[in-house]
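Trainee: Sharing a structure here in structure tokens format.
Derivation of every value follows stated rules applied to the coordinates shown; laboratory data play no part. Computed from a prediction, not measured in an experiment: that's the story for all the values here. Cβ coordinates were reconstructed from backbone atoms using ideal geometry, including for glycine residues, and neighbour counts include every protein chain displayed.
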């Protein structure tokens, strides 16, 4: 039995993209894990990395304080990964990112939880004036630290890895669109590998970094949005022209598509976010509040994207870059 076997971790949003990777890391470390989600009946897959009874999904909704308190009861460590990219009904930015984050922090403090880790987003301090998403995230960070001053807040840049939302979406669009719209092509990003983010969260949960601080997580590559799109097209083996779209026109299109009854490809708020650089700040580098603080060497996109972006090539796995010279661009 490992020294972590008696420790219970509650992970809010543990069935999502980052959460499923984090659960695997913590399960290997021997923690008991409570995965707090709105629909535990749909989260059975999170049980698979652990032994019998080690990982248990439990119902909780950040908009319901009683359910949050039940999910935290008896936990040694609490991790909040909950975030939404667009608003829908009661699941709006303020309810989830601000009020919900504060609810988790207050409940963790009241329950005597030893460690609270909160996942935010890089650049929310710079983008708060133009984006409702960023403003709600920033307010949530402030509310968490006010309720639980020793909380550890992690702000990752665009996250890549198997199952990610951005690279897979762009790869899918490259298969079906004759052109690729480019919004704010000069904006800089510093994509970070989901495995590195999960490892950093786990290390924070284990008390391996200073508490009460905000850490900024970015990968080794800083690229403009245009260069990033060119990289995606190359990995997907697709020959698609990048056509610049003015932000105003993109927002108009996003608003029109937003009235349709399905998840939008892009929202007007996300268009505004695309206009703000998303890179680790000089202050964070100087203060050692980056992946270096966790002893993690950032993983490059070149190491990971080829392992899953091949699915968007014309011949799928048979066009994989590691299978030989047959990697020509598809039309």
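Trainee: Helix 132-147 versus the longest principal axis of the chain: what angle, 0 to 90°, nearest 10, using Cα atoms?
Mentor: Approximately 20 degrees, to the nearest 10.
Trainee: So what are the radius of gyration and Dmax for the Cα set of segment 167-209, in Å?
Mentor: Cα only, segment 167-209: 16.6, 49 Å (Rg, Dmax).
Trainee: Here is a further query. Please report how far the C-alpha centroid of segment 294-316 lies from that of segment 168-242, rounded to the nearest whole angstrom.
Mentor: The two parts, judged by their Cα centres, are 10 Å apart.
Trainee: Hey, what's the Kirkwood Rh for the chain if you take every pair of different alpha carbons, in angstrom?
Mentor: Details: mean 1/r = 0.0484 Å⁻¹.
It works out to 20.7 Å.
Trainee: A further question on this structure: Where does helix 194-205 land angle-wise versus the long Cα axis of the chain, in degrees 0 to 90, nearest 10?
Mentor: It is inclined by approximately 20 degrees.
Trainee: Only Cα pairs within less than 10 Å get springs; with that Gaussian network setup on the chain, which residue of 302, 123, 14 has the largest fluctuation?
Mentor: Among 302, 123, 14, the largest GNM mean-square fluctuation belongs to 302.
Trainee: Roughly how tilted is helix 101-110, in degrees to the nearest 10 and between 0 and 90, from the longest Cα axis of the chain?
Mentor: It works out to around 20 degrees.
Trainee: Between residue 6 and residue 285, take the C-beta separation as r, use R0 = 30 Å, and let me know the FRET efficiency to the nearest 0.05.
Mentor: Details: r = 37 Å, r/R0 = 1.24.
Calculated value: 0.20.
Trainee: Between residue 176 and residue 126, what FRET efficiency follows from the Cβ-Cβ distance if R0 is 22 Å, with the result rounded to 0.05?
Mentor: Details: r = 33 Å, r/R0 = 1.51.
E between residue 176 and residue 126, to the nearest 0.05, is 0.10.
Trainee: Of the beta bridges DSSP finds with both residues in the chain, what % are antiparallel, to the nearest 5?
Mentor: Numbers: 3 of 36 bridges.
Given both bridge residues lie in the chain, the antiparallel proportion sits at roughly 10 percent.
Trainee: Continuing with the same structure: When the chain is fully extended, how far beyond the present Cα-Cα distance does residue 307 get from residue 263, taking 0.36 nm per residue of separation?
Mentor: Values: separation 44, 0.36 × 44 = 15.84 nm, distance 2.69 nm.
Extra length available between residue 307 and residue 263 comes to 13.2 nm.
Trainee: Right, another one. Shape verdict for segment 1-80, please, from the Cα gyration tensor: rounded (a/c under 1.5), prolate (a/b greater than b/c) or oblate. Don't jump to the answer; show the numbers that get you there.
Mentor: Working: a/c = 1.93, a/b = 1.34, b/c = 1.44.
Oblate is the answer for segment 1-80, as a/c is 1.5 or above yet b/c matches or exceeds a/b.
Trainee: Would you compute, for the Cα atoms of segment 143-258, the largest minus smallest coordinate along each principal axis and list the three values in descending order, in whole Å?
Mentor: 49, 30, 23
Trainee: From the Cα trace of segment 122-210, what convex hull volume per residue do you get, rounded to a whole Å³?
Mentor: Per-residue hull volume (Cα only) is 124 Å³.
Trainee: Please report, to two decimal places, log10 I(q)/I(0) for segment 57-191 at q = 0.10 Å⁻¹ as given by the Debye formula with identical point scatterers on the Cα atoms and no solvent.
Mentor: The computed values of log10 I(q)/I(0) come out as -0.40.
Trainee: In nm, to one decimal, how far is the modelled label at residue 56 from the one at residue 142, with both set 7 Å along Cα→Cβ?
Mentor: The two pseudo-label positions are separated by 3.8 nm.
Trainee: Here is a further query. Springs between alpha-carbon atoms under 10 Å, Gaussian network over the chain: tell me which of 108, 284, 71 tops the mean-square fluctuations.
Mentor: Between 108, 284, 71, it is 284 that shows the largest mean-square fluctuation.
Trainee: Once you keep just the Cα pairs under 8 angstrom separated by 6 or more residues, what percentage relative contact order results for the chain?
Mentor: Numbers: 643 pairs, mean separation 52.9, N = 331.
About 16 percent, as a whole number.
Trainee: Taking every DSSP beta bridge with both residues inside segment 42-171, roughly what % is antiparallel (nearest 5)?
Mentor: 10 percent
Trainee: Per DSSP H run of n ≥ 4, the term is -39500 (n - 2.57); total these for the chain, divide by its residue number, and report the mean residue ellipticity at 222 nm rounded to 500 deg cm²/dmol.
Mentor: -9500 deg cm²/dmol, from helical runs alone.
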